[in-house]
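Read the structure below first, then the notes.
The values are calculated or read from the model by the stated rules, or taken from the named source; none is laboratory data. Just so it is clear, the model here is predicted, and its values are computed rather than measured. Neighbour counts are summed over all protein chains in view; Cβ atoms, including those assigned to glycine, are modelled from backbone coordinates with ideal geometry. The protein model used for the area step is the full one, side chains on, heavy atoms only, and it has no ligands, DNA or RNA in it. Shrake-Rupley method; radii C 1.70, N 1.55, O 1.52, S 1.80 Å.
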Amino acid sequence: MAIEDQENTIREIKPKNRRIMGAGGPEEEENRWPPWLKPLLKEQFFVHCKFHGESHKSECNMYCLDCTNGPLCSLCLAHHKDHRTIQIRRSSYHDVIRVNEIQKYLDIAGIQTYVINSAKVVFLNERPQPRPGKGVTNTCKVCYRSLVDDSFRFCSLGCKIAGTSRGFEKGRENLLMETEDSSSSIGIGKNITNLQSFSPSTPPLTGNCRIVKRRKGIPHRSPMG
């Protein structure tokens, strides 16, 4: 009986060890972030509330982290008294959230912070910048927007999600390999072109070839006037 109990104990421990020592799949990737974060980044704020559209306070700039059922206006908060709610603000037509609100529920390390109206904020989504400013040495790892401090790696919450995913890192490695391969091919093509440019345009003369000199014509004097 003692041997049977020991075998059953071992069988029960093995699956648990597999979960702890797993290589990390899609489930681990999803569990890295709270379930409300990705729905939050997809929402469209500062629209009129469909339930309180007639009120002057119907602008939807609130979000419930517990319900995740869309943007809310100030009048909707009456139904979310005991829930975690945050306020979304605007800066240059982009959604931002104050650092002192979001850092209670999410790790924002590595994300560029800005000071707007005397308060630190972070942007929700990326703001691509085609050409970084002169002298800029640090840019967002995802959208390449200029960052003011080398201690930051991302310009927004959305960029951090994308930039820390396994798929993003793998995609960058593949792109780097493709770039190196194409550069090598271009280099070989250039060398071939250079060799061709130094080759003679006509084949050299061989020993069997006969050089024929053209005779000069008979000189004629100009008529005497």
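Some observations on this one:
- Within region 103-135, restricting attention to residues that are touching a Leu at 6+ places or on another chain (Cβ under 8 Å) and among the hydrophobic types (A, V, I, L, M, F, W, C), the residue that is nearest to residue 163 (Cα to Cα) is 111.
- Residue within region 71-93 that is of a type in the set (S, T, N, Q) and modelled with pLDDT under 90 present: yes
- Cβ-Cβ distances below 6 Å connect the following pairs, each with a first residue in region 35-54 that is closer than 18 Å to residue 123 by Cα, a second residue that is hydroxyl-bearing (Ser, Thr, Tyr) and part of a loop (DSSP other than H, G, I, E, B), and a separation of six or more residues or different chains: 36/68; 39/68.
- Sole exception among (1) crowded, with 18+ Cβ neighbours inside 10 Å; (2) in contact with a Cys (Cβ under 6 Å, 6 or more places away or on another chain) for residue 122, by number: (2)
- The set of residues from region 40-53 being under 29 Å from residue 161 (Cβ atoms), open to solvent by 30 Å² or more (accessible area, probe 1.4 Å) and assigned to a loop (DSSP other than H, G, I, E, B) comprises 43, 44, 46, 47, 50.
- Residues located in region 81-91, provided they are assigned to a loop (DSSP other than H, G, I, E, B) and either without any contact (Cβ under 8 Å) to a residue 12 or more places away in the chain or open to solvent by 50 Å² or more (accessible area, probe 1.4 Å) (or both): 81, 82, 83, 84
- Within the option set 94, 56, being open to solvent by 50 Å² or more (accessible area, probe 1.4 Å) and under 25 Å from residue 113 (Cα atoms) holds for one residue only, 94.
- Inside region 54-80, residues that are outside any loop (DSSP other than H, G, I, E, B) and within 30 Å of residue 168 (Cα to Cα) make up a count of 3.
- Residue 172 being open to solvent by 80 Å² or more (accessible area, probe 1.4 Å), at pLDDT below 75, out of contact with any His (no Cβ under 9 Å at 6 or more places or on another chain) and over 21 Å from residue 93 (Cβ atoms): yes
- Residue in region 122-144 that is at pLDDT 95 or above and not in a loop (DSSP other than H, G, I, E, B) present: yes
- Neighbours by Cβ (under 7 Å, 6+ apart or cross-chain): first from region 63-77, under 11 Å from residue 46 (Cα atoms) and without any contact (Cβ under 8 Å) to a residue 60 or more places away in the chain; second in a loop (DSSP other than H, G, I, E, B) and hydroxyl-bearing (Ser, Thr, Tyr): 73/58
- The residues of region 30-39 that are at pLDDT 90 or above and open to solvent by 40 Å² or more (accessible area, probe 1.4 Å), listed by number, are 35, 38, 39.
- Taking (1) open to solvent by 70 Å² or more (accessible area, probe 1.4 Å); (2) over 25 Å from residue 84 (Cβ atoms) in turn, residue 142 satisfies each apart from (1).
- Subset of region 107-118 [open to solvent by 20 Å² or more (accessible area, probe 1.4 Å) and either in a strand (DSSP E or B) or under 13 Å from residue 37 (Cα atoms) (or both)]: 107, 108, 114, 115, 116
- Among the residues of region 59-69, the ones that are open to solvent by 10 Å² or more (accessible area, probe 1.4 Å), more than 15 Å from residue 105 (Cβ to Cβ) and not acidic (Asp, Glu) come to 2 in all.
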